[in-house]
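Heads up, the thing below is written out as structure tokens.
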Amino acid sequence: MRYIILISALLLGLSSCQTEKDTTFLVSKDAVGKLERISLARDIEIIYENDSIVKDSTVINTSNNSKKIKVFEKGGKHLLTLTPSSDSIPTIENIRIEDKRYVTEKGIGLLSTFKDIKDNYTIRKVITSMNNVVILLKDSDVYFTISKEELPSSLRYASSVNIEAVQIPDDAKIKYMMVAWE
């Protein structure tokens, strides 16, 4: 009888244990890895205390904060480029994902293709620029840039053509992955 109670207690204990998901390189609605939507720009050194922070010293805004903040792993790998807001208490407004290990909750990252994006997200809008197309997602702060070099030659060199999602090849590679928090 004691064995049955002991085994039952162990099974109950094991079933209630939850494995915590590693979010170090996860891009979610309110976080990019360790960085949260509510994080203040002044706290970047604390958030990334084990990493290296490089601030753009050439462009200083009126609140005496650097315009761009680059986050590197101690080994030198570029993780993120952050742009603080111009508020009186700046938060992070834009994040450029530099490291291929960062992925969304649906597994999309810099190693993904346009097909991966359209299979996992609803595309809200495609913005055409001189050298790139920007893919905006519905209900997400994440957006992707694809170089026009990934497009058919008929679309590559036409500057006035508005490119639509159906015109982008499935195997088009992602050039930039960005997060815009406003």
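Quick check, is Ser147 modelled with pLDDT under 95 and not assigned by TED's automatic domain parsing to the domain that holds Ile95? Show your work before the answer.
Numbers: modelled with pLDDT under 95: no; not assigned by TED's automatic domain parsing to the domain that holds Ile95: yes.
No: the conditions fail for Ser147.
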Those residues of segment 157-175 which are surrounded by 13 or more Cβ atoms within 10 Å (Cβ to Cβ) and under 15 Å from Asp116 (Cβ atoms) amount to Ala165, Ile168, Pro169, Ala172, Lys173, Ile174, Lys175
In segment 106-139, anything out of contact with any strand residue (DSSP E or B) (no Cβ under 7 Å at 6 or more places or on another chain) and surrounded by 14 or more Cβ atoms within 10 Å (Cβ to Cβ) is listed as Lys106, Ile108, Ser112, Asp116, Lys118, Asn120, Thr128
Checked against (1) within 27 Å of Ile38 (Cα to Cα); (2) over 13 Å from the mean Cα position of the chain (by Cα), Thr145 satisfies every condition except (2)
Output for Cβ contacts, cut-off 9 Å, separation at least six or different chains, first residue without any contact (Cβ under 8 Å) to a residue 40 or more places away in the chain and under 16 Å from Leu155 (Cα atoms) in segment 167-182, second loosely packed, with under 14 Cβ neighbours inside 10 Å and not aliphatic (A, V, I, L, M), reads Gln167/Pro152
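The values are calculated or read from the model by the stated rules, or taken from the named source; none is laboratory data. What you see is a predicted model, and the numbers here were worked out from it, not measured in a lab. Heads up, the Cβs are rebuilt from the backbone with ideal geometry, glycines too, and the neighbour counts pull from every protein chain shown.
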